[in-house]
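A.B. asks: Have a look at this one before I ask anything.
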Amino acid sequence: LAFKQSEMLRTNLYQFKFQTQISAHSNLLYSRRVRFSIMAQQSEFLMYVKGDPVNKVLGDCPFCHRTGLYAQSKGLKYDVDYIDLSNKPQWLWDVNPEGSVPVIKVSEEYIPDSGKICDYLDEKYPEPSLKATQSEGLGATFFGAFRGLLLAKEEEAKEKEAILLDELKTLNDFLDANGPFFGGSSLDATDCSLAPKMYHMKVALSHFKKWEIPDQFSA
């Protein structure tokens with residue numbers, strides 16, 4: 001959907017300057033190399049994301065991608081540090097008992113969770129506004145539907161596929177009527193949340209299930 005809908009969306013999503021590298025031996029068979037362009041002399045905050053701290057490669061976390069896209073869409077300058085989730089540092093557990101990323105550090109304060117981070121960015125930097133104007137429920141169950149098909153046993157696949165197709169139809173119909181973005185003529189919070197998840201769906205289901213998005217969902 002979003003990753004198929006227009007070159008404009010791809011341009012905004014790839015403000016990260018992702019250089020995709022497909023690896024046959026990785027869990028999702030891909031990683032994304034990222035260079036965050038820090039044009040200002042001083043960044044606003046430090047963002048910790050899933051990735052390879054040695055080679056500076058961003059990992060396959062749609063929630064980290066969401067926060068980066070959100071900050072980029074607001075034109076914010078920030079630094080990034082990569083966390084190997086197979087070898088989490090103790091400080092991460094100290095500041096976030098769930099041990100998850102993304103986490104941002106503002107002065108000496110740590111803020112975990114992509115949703116809370118985006119809320120903080122909206123409060124701290126209200127312009128440009130990325131507040132979603134559509135229903136809060138739009139796309140809320142999409143990621144679960146995707147994972148349902150991804151993890152489905154053979155006997156469950158048809159049922160899980162039908163659920164995902166219903167989700168995709170809802171999103172496609174909305175974009176047909178209101179697009180090209182969920183925010184209308186420009187990205188909003190819903191785009192920043194759903195676009196990375198849609199990309200993960202496309203890559204994961206294509207590889208693990210040999211499943212492609214039906215042509216009818218062209219929006």
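The values are calculated or read from the model by the stated rules, or taken from the named source; none is laboratory data. These numbers were taken from a predicted model, which means no experiment stands behind them. Please note: Cβ atoms are built from the backbone with ideal geometry, for glycine as well, and neighbour counts cover all protein chains shown. Ligands, DNA and RNA are excluded from the accessible area calculation, which covers all protein heavy atoms including side chains. Shrake-Rupley method; radii C 1.70, N 1.55, O 1.52, S 1.80 Å.
A.B. asks: State whether the residues of the stretch 137-146 include one that is of a type in the set (Val, Ile, Thr), farther than 21 Å from Leu58 by Cβ and surrounded by 13 or more Cβ atoms within 10 Å (Cβ to Cβ).
C.D. replies: Yes: one or more hits.
A.B. asks: In addition: Please go through the stretch 175-218 and pick out each residue that is among the aromatic types (Phe, Trp, Tyr) and in a loop (DSSP other than H, G, I, E, B).
C.D. replies: Scanning the stretch 175-218 gives Phe182, Trp211, Phe217.
A.B. asks: Look at the stretch 49-92 and say how many of its residues are small (Gly, Ala, Ser) and open to solvent by 40 Å² or more (accessible area, probe 1.4 Å).
C.D. replies: So the answer is 2.
A.B. asks: Taking the options Thr170, Thr190, name whichever one is polar (S, T, N, Q) and within 19 Å of the chain's Cα centre (by Cα).
C.D. replies: Thr190
A.B. asks: List the pairs whose first member sits in the stretch 72-97 and is in a loop (DSSP other than H, G, I, E, B), whose second member is modelled with pLDDT of 95 or more and not aliphatic (A, V, I, L, M), and whose Cβ atoms are under 6 Å apart, counting only residues at least 6 apart or on separate chains?
C.D. replies: That search, which allows pairs on different chains as well, returns Lys74/Tyr125; Tyr78/Phe45; Asp84/Pro53; Leu85/Lys50; Lys88/Gly99; Asn96/Pro112.
A.B. asks: What number of residues within the stretch 101-119 satisfy the criterion of being buried (at least 19 other Cβ atoms within 10 Å of the Cβ) and polar (S, T, N, Q)?
C.D. replies: 1
A.B. asks: Now a separate question. Please count how many residues of the stretch 26-76 are basic (Lys, Arg) and modelled with pLDDT under 95.
C.D. replies: Number satisfying all stated conditions: 3.
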